[in-house]
Amino acid sequence: MSPVFPTVREVLALVPVRHGAPRLVAGDAGLDRPVRWVHVAEVPDIATLLGGGELVLTTGIGLPADDAGLRAFIGDLADVGVSGLVVELGRRYVSGVPRVMAAAAERRGLPLVELRRATPFVRITEAVHALIVDAQLTELRATEEIHQRFTELSVEGAEPAEVVRQAAELAGCPVVLENLSRQVLAYDPAGESAELLLEGWEQHSRRIRPAGRTAYDPDSGWLVTTVGARGQDWGRLLLRWPVAEAAPPTRLTILIERAASTLALGRLIRRDAEGLERQIHRTLLTALIDHSRPVDEVALRAKALGVTLDRRHLVGVVVRHRDDDPTGEADLPDDSGPARLRDLAEAVGQALRETRLTALTSAVDDQAVGALLALPDPADEEKALAAFAAALRRVRLDAVPARPTAARPAVLVAAGSGVGGLREARRSLVEARQIAEAARRDPRDLPCFRLPHVGLAGLLHLLRDEPRLQTFVERELGPLLAYDAQHPREQLLGTLRAYLEQGRNKSAAASAAHLSRPAFYERLARIGRILDADLDSVEQCLSLHVALLALDAVRTP
């Protein structure tokens with residue numbers, strides 16, 4: 001994609017300009033400035049009528065006669081941001097422009113060009129304006145292609161990596177998608193070195209601070225936009241613009257925003273190939289989790305399906321495979337992932353029928369099946385969960401002979417805390433999903449995992465992709481992480497970690513950090529100032545320690 005406006009250098013190469021035998025006498029550093037328009041002027045105070053980006057043409061007949069006036073004329077043009085000044089010789093200046101004018105233009109980096117042969121200015125303006133209009137049409141076509149390309153990606157439900165690849169291809173620049181904790185989710189180096197692009201990314205990204213939701217950071221050379229939907233931001237999309245002295249063209253802003261919208265929409269899309277009844281089950285479970293329908297409506301529709309939720313003790317349950325990818329799938333069809341999820345959903349349904357438990361149940365994501373058990377008596381909770389887990393294990397063992405070549409990874413059952421009403425059901429379901437995710441790495445073979453079985457680190461690990469957790473980490477530790485990015489030799493985060501891990505025992509922490517006590521105390525004081533925190537406060541230190549554990553979870557695959 002070419003820039004919208006031609007540069008001064010490109011204008012000087014046009015035939016009507018070359019006819020005037022142009023000679024650059026000053027300001028060669030500004031030859032790559034864009035020319036937004038061409039303006040003919042013969043008055044000294046023309047700068048007040050300009051908006052910047054113009055190439056000014058003049059014969060000089062109205063310019064000041066004194067040196068101070070010429071300096072002021074050049075200074076006014078430079079201040080308003082004109083692209084350059086072209087002076088036709090022969091009427092006011094015969095052999096060349098005054099030296100004082102050339103010196104002033106050189107100081108301000110303003111291209112000053114002499115036309116040593118008489119040239120009709122109208123031919124120059126027509127040629128340049130035609131070039132601008134043609135470039136604008138090209139820009140319009142490019143913008144149309146951007147909209148068409150990303151509309152197709154949205155309809156197809158393209159993966160983030162594909163959206164990023166297409167954005168980099170259209171822009172011709174490296175593109176990076178990161179989460180709120182500055183961890184790279186997808187990238188395309190656009191032909192450049194991926195290693196150089198991503199080296200020290202987190203620290204580099206923290207230095208990129210654009211002013212606005214979509215903005216260009218000239219200090220770093222990155223065009224940045226926030227990615228999110230429904231008021232919940234979850235990442236940033238960054239495009240590196242290689243021309244440091246000029247802001248990226250409008251089309252790239254349009255491109256990065258359309259790419260961000262496609263990424264946000266793709267995150268919301270959920271494909272479902274289940275039967276109608278299972279779809280309704282899933283709709284109702286999703287409604288409870290997302291608060292997208294009134295609970296009274298959910299209860300009414302569930303009762304119509306034969307699942308009574310009113311005046312029941314409700315327990316959220318999630319059943320999932322321990323491994324995301326089954327082993328030994330070389331001979332399985334391409335749809336083995338969805339197939340084994342359907343098998344798991346059927347097994348959960350059969351186990352519920354065998355134990356005569358009432359529940360809403362369906363797949364809740366690509367790896368797990370959820371159920372909301374409705375028990376008449378809260379005292380039956382443990383007994384019902386144990387019976388369900390045992391029945392599920394029997395069902396899956398009995399199903400093995402039917403599919404002798406299929407992969408048979410172990411599954412786990414996780415349950416949230418029981419609640420006394422439908423309005424609290426979401427908490428139990430979300431808790432069950434969190435426990436199931438954390439328990440994947442637990443080697444124990446428990447019939448049913450509950451909240452006491454997973455520690456804080458496990459809980460934070462399973463929540464590592466949650467934007468609110470990442471926002472918490474940034475709020476608590478962001479200033480310190482930014483400071484360490486600016487001062488990589490100090491790494492105050494390690495000092496804070498030693499202090500918190502040693503139970504706020506400064507002597508032990510100084511020893512663990514291999515620092516003298518005075519040096520360690522000075523670092524703690526500096527950390528307190530950076531974070532605006534009282535490191536003697538138990539409550540604030542607890543919050544910082546949780547944020548550190550969450551940061552470790554986010555950084556650990």
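The numbers here are math on the coordinates, done by the rules we state, and not lab data. Quick caveat: nothing in here was measured; it's all calculated off a predicted structure. Cβ: placed from backbone, ideal geometry, glycine included. Neighbour counts: every protein chain shown.
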Heads up, the range 464-508 by the C-alpha gyration tensor (a ≥ b ≥ c square roots of eigenvalues; a/c under 1.5 rounded, else a/b over b/c prolate, else oblate) looks oblate
Loop-resident trypsin sites (Lys or Arg not before Pro) in the range 336-378 with no more than 14 other Cβ atoms inside 10 Å, DSSP not H/G/I/E/B, are ARG356
If the chain between ASP290 and ARG427 were fully extended at 0.36 nm per residue, the gain over the current Cα-Cα distance would be 48.2 nm
For the chain, the Cα convex hull volume per residue in Å³ comes to 219 Å³
ALA438 neighbourhood, Cβ < 14 Å, K/R = +1, D/E = -1, net charge +3
Among GLY96, ALA78, VAL40, the residue whose Cα sits farthest towards the positive end of the charge dipole of the range 1-113 (+1 at Cβ of Lys and Arg, -1 at Cβ of Asp and Glu, taken about the Cα centre) is GLY96
Membrane-span-like helices (DSSP H runs, Cα span along own axis at least 24 Å, mean Kyte-Doolittle at least 0.0) in the chain -> 121-156, 250-268, 381-399, 538-555
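Report the charge-dipole magnitude of the chain in Debye, nearest 20, computed about the Cα centre from +1 at each Lys and Arg Cβ and -1 at each Asp and Glu Cβ. Can you show the working numbers first?
Numbers: 69 positive and 76 negative charges, 133 e Å.
Dipole of the chain, to the nearest 20 debye: 640 debye.
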The base-10 log of I(q)/I(0) that the Debye equation returns for the range 427-557 at q = 0.09, 0.13, 0.22 Å⁻¹, one scatterer per C-alpha, is -0.32, -0.62, -1.25
Given GluC sites (Glu not before Pro), DSSP loops and at most 11 other Cβ atoms within 10 Å, the longest exposed-site-free stretch of the chain is 246-557
In nanometres, the difference between 0.36 nm per residue of separation and the alpha-carbon distance of ALA457 and VAL155 is 104.9 nm
Rounded to the nearest Å, the spacing of the alpha-carbon centers of the range 283-320 and the range 428-468 is 22 Å
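Which semi-axis lengths, in whole Å and largest first, follow from the square roots of five times the eigenvalues of the Cα gyration tensor of the range 486-543?
16, 15, 10
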If each part is reduced to its alpha-carbon centroid, the range 481-557 and the range 102-127 end up apart, in Å, by 60 Å
